[in-house]
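Only one structure is covered here, and it is reproduced in the block below.
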Protein chains: 2
Amino acid sequence: MSKCEQCIVRKFNSLKSLTKDELVRISGCKTSKFIKKGEVIFDEGETLNGVYCIKDGICKLSKLSANGRDQIVKLVIKGDLLGQRSLVVDESANLSAVALNDMEVCFIPKQEIMNDLQKNPEFSLDVLQQMAYDLRESDDVIVNMAQKSVKQRLAEILIYIHDHFGVDADNYFNVLLSREDYANVVGTATESAIRILSQFKKEGLISTSGKHIRIEDMEALQRVE
Amino acid sequence: MSKCEQCIVRKFNSLKSLTKDELVRISGCKTSKFIKKGEVIFDEGETLNGVYCIKDGICKLSKLSANGRDQIVKLVIKGDLLGQRSLVVDESANLSAVALNDMEVCFIPKQEIMNDLQKNPEFSLDVLQQMAYDLRESDDVIVNMAQKSVKQRLAEILIYIHDHFGVDADNYFNVLLSREDYANVVGTATESAIRILSQFKKEGLISTSGKHIRIEDMEALQRVE
DNA sequence: ATTAAAACCTGACAAATATCATATTTTAAA
DNA sequence: TTTAAAATATGATATTTGTCAGGTTTTAAT
């Protein structure tokens, strides 16, 4: 099994603040998992016994609303950590994590992380900073949800996905979301999301090929009101 | 000036994890401020040179949206800390803080807090836990904003204010919000908030006396769809 | 106490969004 | 390959919410 000390992925998350010794120890007790597209990593309400370090792939974090609809709160990519929040406050998971494509993740047991959190102030501060950053992002999402139209939110998520997850050789998004996923990100009915994407297509803002989406006119997309 | 070691308020926030020595040191460099209803504690974009510990009063944290409307993200009360997030990630304030009634706050300079964050793992973990808790709350707000109707959100904020900030002898809310504030919490037009409050009144869910609001039928309010 | 400003309220209408129905296309299983 | 299921698409219509316009009441300053 590969070793944490040599893993590039950790450079993108709080694990970068661990010492070499700590990394070796974690490497010794981590387990690696392959997760197929559509599989659940963990479910809302589940007790998490550790954190997941995403080595490859993308997943969605969502929560079931009282009306029966899933709300996608965040998209998480290679390099990110999953489950630190629940671990820190010792609560069950508040969100479900589902793979959007095939993934490889490393599971690090709770005790290892908690141990380092208590003993390595640099690591602890790094986790704190990541959480502070997430908190600002969440606050911004609240404002967008409350104040912007569905069309605007959809335009923005398209730009977000383009900028954060990149595109392939033909400029199509690397992340494949269903129309229902798009609806669940912006918080609208699936039909509404489909309708607006069709409209964007007609207006030349995007083009599609099946589920694949490509931005054709970024500036116009940014101007959407 | 009163001393942090003897202040009851700190028991409700992360400062409770500081040692006696640390508290004495902080007490020596803190400044106390009285802030009148409506006054700004800090503004979005402002650089914060420390954190505010709320000794008395309530304030709103809000962010100006691109459409010119204010979105209230959080209501903050006696005992809470303001500004830790910005301090931890060394960013300017993401939200504005405005007093909803007369307040007393203590300002603690940045360096004191950062020093303790680096040297006292217990304090650092406590701040981390508070932030993890806030993050869950924010995620829940996102889901509510995205999936619930304005009427439901308004009913819920009434229940939230009742439960978190309490009522006076006549069962009226301790917090006085304008109709515009209510609109800015649930993310709707002021007229819509007014209309729905009127409807709640007609249906006997609440009663009002000027700005003062009292819940008359909690169960019916919880059932609002 | 008077008065101007702000806050509150309501109606009429417009715009945005949800819902339901149904057709078409794509996907995946047998 | 065939076929059933799922995803996508679009129209018609209902519901929710926003906007504008005009009132009344409350608040605060003189």
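The values are calculated or read from the model by the stated rules, or taken from the named source; none is laboratory data. What you see is a predicted model; the values in this text were computed from it and never measured. For neighbour counting, all protein chains shown are included, and Cβ atoms are generated from backbone atoms with ideal geometry for every residue, glycine included. The area values use the complete protein model at the heavy-atom level, side chains included, leaving out ligands, DNA and RNA. Shrake-Rupley method; radii C 1.70, N 1.55, O 1.52, S 1.80 Å.
Here are a few things to note about the model shown:
- When B:Thr31 is represented by a point 7 angstrom out along its Cα-to-C-beta vector, the spacings to that point in the other copies are 5.6 nm, nearest first.
- Among the GluC sites (Glu not before Pro) in the range B:115-208, those located in a DSSP loop and surrounded by at most 13 other Cβ atoms within 10 Å of their own Cβ are B:Glu203.
- Taking every protein chain into account, the accessible area of the range A:140-188 amounts to 36 square angstrom per residue (probe 1.4 Å).
- Close amide-amide hydrogen proximity is noted between A:Ile41 and A:Ala97, A:Val98, A:Ala99, each under 5 Å apart and 5 or more residues distant or on a separate chain (H modeled in the peptide plane; Pro and chain starts excluded).
- Counting only protein chain heavy atoms and rolling a 1.4 Å probe, the accessible areas of B:Arg85, B:Arg179, B:Arg223 rank, largest first, as B:Arg223, B:Arg179, B:Arg85.
- Within the range A:179-212, backbone nitrogen closer than 15 Å to the virtual label 7 Å beyond the Cα of A:Glu39 toward Cβ: none
- Interface between chains B and A: roughly 3800 Å² of accessible area buried, both sides summed (probe 1.4 Å, protein heavy atoms only).
- Cα-based helix-to-principal-axis angle, A:20-29 vs chain A, degrees rounded to 10: 80
- Here chain B is treated with +1 on each Lys and Arg Cβ and -1 on each Asp and Glu Cβ, and its dipole about the Cα centre works out to around 280 debye.
- Copies compared at B:Glu219 - label distances in nm, ascending, label defined 7 Å from Cα in the Cβ direction: 6.2
- Across the copies of the chain, B:Thr19 has label points (7 Å from Cα along Cα→Cβ) spaced 2.0 nm apart, shortest distance listed first.
- List A:Thr190, B:Thr19, B:Thr47, ordered by accessible area with a 1.4 Å probe, largest first: B:Thr47, B:Thr19, A:Thr190
- For the range A:5-133, the share of accessible area belonging to carbon and sulfur comes to 50 percent (1.4 Å probe, ligands and nucleic acids excluded).
- Comparing the full protein assembly with the isolated chain, the residues of the range A:131-167 losing at least 40 square angstrom of accessible surface (1.4 Å probe) are A:Met131, A:Ala132, A:Leu135, A:Arg136, A:Ser138, A:Asp139, A:Ile142, A:Val143, A:Met145, A:Ala146, A:Gln147.
- Using the Cβ-Cβ distance between B:Lys16 and A:Ala169 with R0 set to 35 Å, the FRET efficiency works out to roughly 0.05.
- Percentage of interatomic Cα-Cα distances in the range B:114-202 larger than 18 Å: 58
- Placing +1 on each Lys and Arg Cβ and -1 on each Asp and Glu Cβ, with no other charges, gives the protein assembly as shown a dipole about its Cα centre of roughly 120 debye.
- For the range B:191-202, Karplus couplings with θ = phi - 60° (6.51, -1.76, 1.60), whole Hz, Gly/Pro x: 4, 5, 4, 4, 4, 5, 4, 4, 5, 4, 5, 4
- Estimated 222 nm signal from helices in chain B, with DSSP H stretches of n ≥ 4 weighted -39500 (n - 2.57), rounded to 500: -13000 deg cm²/dmol
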